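We did not get these values from a lab; they are worked out from the coordinates using the rules stated. In this text, all values refer to a predicted model and were calculated from it rather than measured experimentally. For neighbour counting, all protein chains shown are included, and Cβ atoms are generated from backbone atoms with ideal geometry for every residue, glycine included.
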Amino acid sequence: MLLYDYFRSSASFRVRIGLNLKGIVTERASVHLLKDGGAQFADAFTALNPQQLVPVLEDGDATLIQSMAILEYLDETHPSPPFLPQGAAARCRVRALAQVIACDLHPLDNLRVLKYLKDQLGRTEDQRNAWYRHWVAKGLGAFEALVAGHGDTGSFCHGAAPGLADIALVPQIFNARRFDCPLDDYPTVMAIFENCMAVAAFDAAQPDNQPDAG
């Protein structure tokens, strides 16, 4: 496998966690999203992913995009340890928690949105940071309500082992800390985060531990 990623991309972070949990070693190709206008806009990368986004995972003849789809592909092709629990309702809960982050929160706060706010709409850094923190508070507030006191919440989002929801959550907490978002109102979320970061697969995937960090 060959993973095209960027150390600070939260979507790439998710896939790195997933690969680590599965024990899959890949080759890596860094796609710097900022240097020289952004390597994601180069013709060669656009041919891989017309969305001009990371990550992209090549597995043989398959070229895979979208982090959550890649994670489900990894779960189907390398089923142990599983990212989803047994039972349709439990799987639905975990997918829903993951989508709170990946579908509703992260798309509002990612790099291209922040660049659009700055370059096209002329928003100041303070205004962009206020935008970021607003959506983090909405998303993590809902996530906290969904996991706090729920009977299926354990050391992780669902039970005693990390899964798809934890993989989605952890990179978002890293981003929230980068933007100095207050996190004290989410004690269950932060306890889950600390439990995840005690797992080597999560720690090894974090941005500062990547070869292209800097």
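Phi angles across the range 158-165 convert, under the Karplus curve 6.51 cos²θ - 1.76 cosθ + 1.60 with θ = phi - 60°, into 3J(HN,Hα) values of 9, x, 9, 9, x, x, 4, 5 Hz, Gly and Pro given as x.
The fewest-to-most ranking of Ser67, Ser9, Ser30 by surrounding Cβ atoms within 10 Å reads Ser30, Ser9, Ser67.
Fewest-first ordering of Arg133, Arg178, Arg95 by other beta carbons within 10 Å of each residue's beta carbon gives Arg178, Arg133, Arg95. The phi torsions of the range 22-29, fed into the Karplus equation with coefficients 6.51, -1.76 and 1.60 and a -60° offset, translate into couplings of 7, x, 9, 9, 10, 6, 10, 10 Hz, rounded to whole numbers, with Gly and Pro shown as x. Residue exposure proxy: Lys22, Lys118, ordered by other Cβ atoms within 10 angstrom of their Cβ from fewest to most, comes out as Lys118, Lys22. Taken about its Cα centre, the chain carries a charge dipole of about 380 debye when Lys and Arg each add +1 at the Cβ and Asp and Glu each add -1 at the Cβ.
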